[in-house]
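Only one structure is covered here, and it is reproduced in the block below.
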Amino acid sequence: MLVDSHCHIDFPELAEQLDAVFALMAENRVERALCVSVTLADFPRVRKIAEDHSHVDASVGVHPDYEDVAPVTTRELVSLADHPKVVAVGETGLDYYRLKGDLEWQRERFRTHIRAARECGKPLIIHTRAAAADTLRIMREERAGDAGGVMHCFTESWEVAEAAIDMGFLISFSGIVTFKSARELREVARRVPLESMLVETDSPYLAPVPHRGKTNQPGHVLHVATEIARLKELELHEVAAKTSDNFYRLFKSI
Ligand SMILES: [Zn+2]
Ligand SMILES: [Zn+2]
């Protein structure tokens, strides 16, 4: 059985067809999915999906790409995280690819999330794009390792993966690992120990081969795990079992 460690099934593309989404999960033996919050305005929808479906968990956080939203406080995050189906804080982090200019607000918001995760004892879901050095620096400065968590939709180098693993973080691979252009990332996936690995879809985006370009959904995490198994010369069931164990250990879900 597989787990999709990161999806956005509250987004309209998927929220309008949840029955079909859950049916494909069952067909592909994906037993659980973590629905990740990107703004506090979205969060009640994310929480509701998790409350209504025993095999869906939720997180609370404000994604670094959302600039025009009210500043979030540690206290707010800690209070919203105090719910049995909220298993993580995020997604948070830094994204210097999508937004340019003075991004001090992004770094401040990231620090706020790390402080909240440490305070409530729930792990972090970290998004980093074109900002690896600052991401690792802030993780160290704010002692993110005390909370632990995952570097999601990982696309960085082995050195960045190793630094995050040293802080006790897991590395999560998405459908990008199946893309023809992702040769270097496949090398990183080969090197990351299975003990430190999760798989995810980040759906509705980033549909893996053979569904590339279409709307992604949690059932497609099967194709990510199949590629990881191929790269590591393991059986699919070994990758499924280990990444699921890692998920339950990190998020203390169920
Ligand atoms: Zn992300
Ligand atoms: Zn995401």
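Treating only the Cβ of Lys, Arg, Asp and Glu as charged (+1, +1, -1, -1), what charge dipole size does the range 1-111 show about its Cα centre? Round to the nearest 20 debye.
So the dipole magnitude of the range 1-111 works out to roughly 320 debye.
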*Excluding residues on the same chain fewer than 8 positions from K252, give the lysines whose Cα lies under 19 Å from its Cα.*
K85, K122, K242
*Would you compute, from DSSP H runs of 4+ residues alone, the mean residue ellipticity of the chain at 222 nm, taking -39500 (n - 2.57) per run and dividing by the full residue count, rounded to the nearest 500?*
-12500 deg cm²/dmol
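Just the number, please: Stokes-Einstein D of the chain in µm²/s, Kirkwood Rh from C-alpha pairs, 10 °C, 1.306 mPa s.
Numbers: Rh = 17.8 Å.
The estimated diffusion coefficient comes to 89 µm²/s.
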*What aspartates and glutamates sit close enough to K232 to cross-link, taking a C-alpha to C-alpha distance under 18 Å and skipping anything fewer than 8 places away on the same chain?*
E162, E184, E187, E195, E200, D245
*Would you mind calculating the relative contact order of the chain from Cα pairs under 8 angstrom and at least 6 residues apart, reporting the percent as a whole number?*
21
*Would you mind counting up the charge near T243? Only other residues with Cβ under 14 Å from its Cβ, with Lys and Arg at +1 and Asp and Glu at -1.*
-3
*Stick to Cα atoms and the Kirkwood definition of Rh, then tell me Rg/Rh for the range 1-131.*
0.99
_I'd like the FRET efficiency for D146 and E31, computed as 1/(1 + (r/R0)^6) with the beta carbon distance as r and R0 of 35 Å, rounded to 0.05._
0.75
_Using the Cα atoms of the range 97-147, I'd like the radius of gyration and the largest Cα-Cα distance, Dmax, both in angstrom._
11.0, 33
*Based on the alpha-carbon gyration tensor of the range 124-254 and its eigenvalue square roots a ≥ b ≥ c, which shape applies: rounded if a/c is under 1.5, prolate if not and a/b is larger than b/c, or oblate?*
prolate
*So, in Å, what gap is there between the alpha-carbon centers of the range 216-253 and the range 1-37?*
15
*By counting other Cβ atoms within 10 Å of each Cβ, how are I165, I125, I9, I49 ranked from fewest to most?*
I165, I49, I9, I125
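Values quoted throughout were computed directly from the atomic coordinates according to the rules given, and no laboratory measurement underlies them. Bear in mind the structure is a predicted one, so any value in this text is a computation, not a measurement. All Cβ positions, even for glycine, are placed from backbone atoms using ideal geometry, and neighbour counts span all protein chains on display.
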